[in-house]
Amino acid sequence: MSKGNSKKKYYILMHCALFMLSFSGVFAKLAAQSEWFTVKWVLLYGMMFLILGIYALVWQRILKGLPLTVAFSNKAVTLFWGMVWGAIIFGEHITLRMIIGAAIIFAGIIIISTEETGEEEGKEARLE
């Protein structure tokens, strides 16, 4: 597998993991709205911990294939998913400020991700 395809695989895996991570917040909020120590409360918090556990294992795999700065900067995408789930599941309103904030975050992600790629290409060129 070429280095480019391997990197794409890690990016796809990372965003699938971050998408999954965003659901931990949904389960936590649903559990917080439930009565304490009921079966529903235990199941919802159990799902949250299950998601967090699976995510932690996948995250370790991702860190083997991507630079730490890129991986952590992309983690902010969960804010976007939080807004989406808030609107769809909890009926929350998405405001213009929230959209502007998400746009700023995504601009940062793009800048850091493309900057990291440019640095790696420069290192490869110097090694040749």
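The values are calculated or read from the model by the stated rules, or taken from the named source; none is laboratory data. Given the structure is predicted, the values throughout are model-derived calculations rather than measurements. Methodologically, a virtual Cβ is constructed for each residue, glycine included, from the backbone with ideal geometry; neighbour enumeration extends over all protein chains shown. Each accessible area value is taken on the protein alone, full model and side chains, heavy atoms only, with ligands, DNA and RNA left out. Shrake-Rupley method; radii C 1.70, N 1.55, O 1.52, S 1.80 Å.
If you place +1 on the Cβ of every Lys and Arg and -1 on the Cβ of every Asp and Glu, how big does the dipole about the Cα centre of the chain come out, in debye to the nearest 20?
300 debye
Assuming R0 = 30 Å, can you tell me the calculated FRET efficiency for the pair THR114 and TYR45, based on Cβ-Cβ distance, to the nearest 0.05? Could you put the intermediate results ahead of the total?
On the way: r = 39 Å, r/R0 = 1.29.
Rounded to the nearest 0.05, the efficiency is 0.20.
Which residues' amide hydrogens lie under 5 Å from the amide hydrogen of ALA76, considering only partners 5 or more residues apart or on another chain, with H built in the peptide plane?
Correct list: empty.
Enter the mean projected area of the convex hull around the alpha-carbon atoms of the chain, in nm², rounded to one decimal.
So the mean shadow area of the Cα hull is 9.4 nm².
Take peptides 58-64, 92-98, 68-74 and line them up by average Cβ neighbours within 10 Å, highest first, as a rough protection proxy.
Numbers: 58-64: 13.9, 92-98: 10.7, 68-74: 16.4.
Ranked from most to least packed, the peptides come out as 68-74, 58-64, 92-98.
Taking the Cα centre of the stretch 1-73 as origin, work out the dipole magnitude from +1 charges on Lys and Arg Cβ and -1 charges on Asp and Glu Cβ, in debye rounded to 20.
Roughly 460 debye, rounded to the nearest 20.
If you average over every viewing direction, what projected area does the convex hull of the Cα atoms of the stretch 4-55 give, in nm²?
On the way: hull surface 13.3 nm².
Spelled out: convex hull of the Cα atoms, projected over all directions, averaged, 3.3 nm².
Ignoring ligands, DNA and RNA, what accessible area per residue does the stretch 56-104 give at 1.4 Å, in Å²? Provide the component values of the computation, followed by the final result.
Details: 3060 Å² over 49 residues.
Accessible area per residue, the stretch 56-104: 62 Å².
Compute the long axis of helix 3-32 from its Cα atoms, compare it with the longest principal axis of the Cα atoms of the chain, and write down the angle in degrees, 0 to 90, nearest 10.
So the helix axis and the longest Cα principal axis differ by about 20 degrees.
Among TRP85, TRP41, GLY101, whose Cα projects farthest towards the positive end of the dipole of the chain, with charges put on the beta-carbon of Lys, Arg (+1) and Asp, Glu (-1)?
About the Cα centre, the residue reaching furthest to the positive side is TRP41.
Where the centroid of each part is defined by its Cα atoms, how far is the stretch 79-97 from the stretch 29-44 in Å?
21 Å
Please give the FRET efficiency for GLN33 paired with ILE88, using the beta carbon to beta carbon distance and R0 = 25 Å, rounded to the nearest 0.05.
On the way: r = 16 Å, r/R0 = 0.63.
Calculated transfer efficiency: 0.95.
Determine, for each peptide in 103-113, 34-44, the mean count of other beta carbons within 10 angstrom over its residues, then list the peptides with the highest first. Before the final figure, lay out each step's value.
Numbers: 103-113: 13.5, 34-44: 11.9.
Going from most to least packed, we get 103-113, 34-44.
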